[in-house]
Ligand code: MN
């Protein structure tokens, strides 16, 4: 099992079921979580909580989609170092290339694989720490 060490994960997701599943799996694995359901809230939570990792849904309600929210987080010196992973149902190569080109640290597919998800999250957290 992942050794979460109480790392704090910001889950940005507007779908209730996806949000609940990610939250439950992460908390069960020893992570702490905070949540946002819009891009604006994601930017606010990131600077309030300075999470160890952000899982960013791309399609979000309101004025900021996941890419725009990600760009704000990267432009703010206080949050620029936080690894951000596109949390996406898209399996299209063109979309994944778009996320990589935008500067995301990676992507994780929805629906999540409950068994693999904690280890995937841990790997991204460790990569973020190593890069700092
Ligand atoms: Mn969405």
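The residues 47, 94, 29, when put in order of fewest to most other Cβ atoms within 10 Å, stand as 94, 47, 29. With N as its number of residues, the chain has a Cα radius of gyration that, divided by 2.2 N^0.38 Å, comes to 0.94.
What is the distance, in nm, between label points placed 7 Å from the Cα along the Cα-to-Cβ direction at residue 123 and at residue 71? It works out to 2.9 nm between the two label points. Length gained on full extension, residue 130 to residue 89, computed as 0.36 nm times the residue gap minus the Cα-Cα distance: 12.0 nm. Determine, from the Cβ-Cβ distance of residue 98 and residue 32 and an R0 of 35 Å, the FRET efficiency 1/(1 + (r/R0)^6), rounded to the nearest 0.05. Calculated transfer efficiency: 0.70. FRET efficiency for the pair residue 50 and residue 15, taken as 1/(1 + (r/R0)^6) with r the Cβ-Cβ distance and R0 = 30 Å, rounds to 0.75. Panel order for 81, 49, by other beta carbons found within 10 Å of each beta carbon, from fewest to most: 81, 49.
Residues 45, 115 in ascending order of nearby Cβ atoms (within 10 Å, fewest first): 115, 45.
Since every read-out is calculated from the coordinates, none of them should be taken as a lab result. Here the structure is a predicted model, which is why all the values come from computation and not from measurement. Backbone-built Cβ (ideal geometry, glycine too); neighbour counts: all protein chains shown.
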